[in-house]
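First comes the structure, then the notes that go with it.
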Amino acid sequence: MTELLAALFAEHYRALVRMLYRRTGDVDRAEDLAQETFARAAQQGAPRSARSWLYAVALNLLRDEARSDVRRERRLVLVAHDEEAQLAPAPDAAIERAEREARVRTALDRLSVRDREVLLLKAEGLDYDEIAAATGLSRGAIGTTLARARRRFVQAYDGGEASDVA
């Protein structure tokens, strides 16, 4: 089990942290949730479709944490994960990037939980079957849900209200 868990960790940890960071805006919180996900995998043992199971557990942990600590003030922490970003960008570029990231985060916050989750899971490269397993939606509903979520995201990003927010 230890070798399997180590292989799962090496393969999925960074992607889980990235997905959780996109949702929380806090790299430390994202890392903690990802570590807790792997701790649960060590206790329970991940099923055959480990990737979707890990994402489902991570999203459930995120929801549980949000429910238990609604008053926590979210912090936006800008962390450069790309090797290219090691060089300090020009001040104007850094300001523009921060503004874009804030607009994206605001647009994501305007979406329903389901829309936000399917967009983030798709952005992490999960296929329809994995997204369905992680969210509990049927595989047939994923394409439609993604199309509607993308449309709502664009509306929210452009400054309009996201329609059909559940």
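The values are calculated or read from the model by the stated rules, or taken from the named source; none is laboratory data. Just so you know, these numbers come straight off a predicted model, no measurement behind them. Cβ sites come from the backbone with ideal geometry, for glycine too, and all protein chains shown count toward neighbours.
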* Ala94 is checked against (1) more than 25 Å from Phe153 (Cβ to Cβ); (2) part of a helix (DSSP H, G or I); (3) modelled with pLDDT under 85 and fails just one. What number does that condition carry? -> (1)
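What number of residues within the stretch 97-131 are more than 12 Å from Gly25 (Cβ to Cβ), of a type outside the set (Val, Ile, Thr), part of a helix (DSSP H, G or I) and modelled with pLDDT of 85 or more?
Initial filter on the stretch 97-131 (more than 12 Å from Gly25 (Cβ to Cβ)): 97, 99-100, 103, 107, 110-131.
The next check asks that each one be of a type outside the set (Val, Ile, Thr); those that pass are 97, 99-100, 103, 107, 110-112, 114-117, 119-130.
From the residues that got through so far, the ones that are part of a helix (DSSP H, G or I) too are 97, 99-100, 103, 107, 110, 114-117, 119-123, 128-130.
Those left that are additionally modelled with pLDDT of 85 or more: 99-100, 103, 107, 110, 114-117, 119-123, 128-130.
Looking only at that region, the number is 17.
Suppose the filter is closer than 17 Å to Leu16 by Cα and exposed (fewer than 15 other Cβ atoms within 10 Å of the Cβ); does Gly125 pass it?
On the way: closer than 17 Å to Leu16 by Cα: yes; exposed (fewer than 15 other Cβ atoms within 10 Å of the Cβ): yes.
So Gly125 fits the description; yes.
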* Sole exception among (1) under 12 Å from Ser52 (Cα atoms); (2) over 11 Å from the mean Cα position of the chain (by Cα) for Lys122, by number -> (2)
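Hey, can you tell me all the residues within the stretch 138-156 that are of a type in the set (A, V, I, L, M, F, W, C) and within 10 Å of Arg116 (Cα to Cα)?
If we filter the stretch 138-156 for residues that are of a type in the set (A, V, I, L, M, F, W, C), which is where we start, we get 141-142, 146-147, 149, 153-154, 156.
Answer for the stretch 138-156, where residues must be of a type in the set (A, V, I, L, M, F, W, C) and within 10 Å of Arg116 (Cα to Cα): Leu146, Ala149, Phe153.
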